[in-house]
1. If a residue must be assigned to a loop (DSSP other than H, G, I, E, B), without any contact (Cβ under 8 Å) to a residue 24 or more places away in the chain and under 16 Å from the mean Cα position of the chain (by Cα), how many such residues does the stretch 18-42 contain?
2. Quick check, is residue 86 under 11 Å from residue 123 (Cα atoms), among the basic types (Lys, Arg) and touching a helix residue (DSSP H, G or I) at 6+ places or on another chain (Cβ under 8 Å)?
3. Quick check on the stretch 71-93: of everything there that is without any contact (Cβ under 8 Å) to a residue 40 or more places away in the chain and over 16 Å from residue 35 (Cβ atoms), which residue is nearest to the chain's Cα centre (by Cα)?
4. I want to confirm something. Restricting to the stretch 43-73 and keeping residues that are out of contact with any Ser or Thr (no Cβ under 9 Å at 6 or more places or on another chain) and not in a helix (DSSP H, G or I), which single residue is farthest from residue 114 (Cα to Cα)?
Amino acid sequence: MVERIVIKTENAPCAVGTYSQGISTDNMIFTAGQIPLDPSTGEVIEGDFKTRVRRVLLNIDGILVEAGSSLSNAVKLTVFMTDLSRFSELNEVFLEFFEEDPPARSALEVSKLPLGVDVEIECVAVKESL
């Protein structure tokens, strides 16, 4: 039977609805969609688009680290954006986090995201090898 563990960490924003920050199974981790919230305040951060994308990726990493992994073990990211014309800016930030062998990724334009933000990312990762 597969073990299902709810991930809770202060290194990412608390869930703002009926969901968990992440779920860990025997060797996989699934994060909820993360938006550019400051984990310490729960507020949307200030700054430009690239700053917001960095915050989202750091929030995801906080969840993954709590579950025994990190962004370096991400296998699939799904990006939701309200403006796909910012795709090149997204790629610039992803290059900061994934210099080599980036995870698979999808990027979709959507009409709205929670709290009026312009980017949300969810992640599937594997756990660190023991």
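Read-outs: derived from the displayed coordinates by stated rules, not from any lab. On a predicted model such as this, the values are computed, not experimentally measured, just so you know. Cβ sites come from the backbone with ideal geometry, for glycine too, and all protein chains shown count toward neighbours.
1. Total satisfying the criteria: 2.
2. So residue 86 does not fit the description; no.
3. Once the filter is applied, the top-ranked residue is 72.
4. 70
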